[in-house]
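To start, the structure itself, in structure tokens.
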Amino acid sequence: MKNGSDLKVFVTTGERESTCCECGEPLGRGAWITLVEGKGAVCLACADLDHLVFLRPGDAALTRRARKHSTLCAVVLEWSRGRKRYERQGLLVEEQALQRAEAECLADSEARARRREREAQRRAELDRQYVEQFARRVRELFPGCPPGREKAIAEHACRKYSGRVGRSAAARSLDAEAVVLAVSAHVRHAETGYDRLLARGLERWEARREVETQVREVLARWAGAQPESPQG
Ligand SMILES: [Zn+2]
């Protein structure tokens, strides 16, 4: 049973009337039968398989576990006229085996959900630490940056990298160059007409060249010792 030699149960096509060759009962259309060599169709009651329950495919873990726990197991096959071959419809397994498998899968899914939650919390915590460190670095390098701006820049940098497979090493290490890049991008969008130029249809490199001097000036001011008062 457990090494691939499942019993086979066939769904009859029901094109012709047939009877169980043991009890003589008519099988009817679409009956589930086993085939006994040299005899023919046998109904599930006669085959002692009528205590089994049907399990549809679709949940690999459930199927694997139900099969493992079931002493008797049968594959249900139906002839496909279109494909000209027997196709699996599901499994017949013992009810207790199915219940046990369902319980295991339920327990698992809860454990999996808890693990996902822990991982999400851990990521959020890492992100929070990263934002704080990044913001501190911005403040160190640009002490003249308007109050609160370092947080916005750090949050943006964090969002930018957190979705990627392992943040870029430079950004993670809070390398001065990576921080300057993040601050420059922020200045370009927040302190110059860069976005308006893009909206007007300028190429990125053209727009960048237009605002280059302005960005440099703002960075130089922010690198000075005194925080700027926020502009109204
Ligand atoms: Zn029978």
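The values are calculated or read from the model by the stated rules, or taken from the named source; none is laboratory data. Note that the coordinates shown come from a computational prediction; the quantities given were computed from them, not determined experimentally. Glycine also receives a Cβ, built like all others from the backbone with ideal geometry; neighbour counts cover every protein chain displayed.
Structure summary
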item	result
Within the range 1-58, tally of residues that are at pLDDT below 85 and under 28 Å from residue 101 (Cβ atoms)	7
Residues of the range 28-48 satisfying the condition of being within 11 Å of the ligand (Cβ to nearest atom) and of a type in the set (A, V, I, L, M)	31, 33, 36, 41, 42, 44, 45, 47
Qualifying strands (runs of 3 or more DSSP E) (wholly inside the range 1-101; at least 1 residues being at positive phi)	40-43, 85-94
Verdict on residue 83 being exposed (fewer than 10 other Cβ atoms within 10 Å of the Cβ) and among the basic types (Lys, Arg)	yes
Pair list, Cβ under 6 Å, 6 or more apart: the range 20-34 residue over 17 Å from residue 86 (Cα atoms), other residue among the charged types (D, E, K, R) and surrounded by fewer than 12 Cβ atoms within 10 Å (Cβ to Cβ)	21/39
Boolean, residue 151 is assigned to a helix (DSSP H, G or I) and at pLDDT below 90	no
Test for residue 108: is it within 16 Å of the ligand (Cβ to nearest atom), out of contact with any Lys or Arg (no Cβ under 9 Å at 6 or more places or on another chain) and either outside any helix (DSSP H, G or I) or not hydroxyl-bearing (Ser, Thr, Tyr) (or both)	no
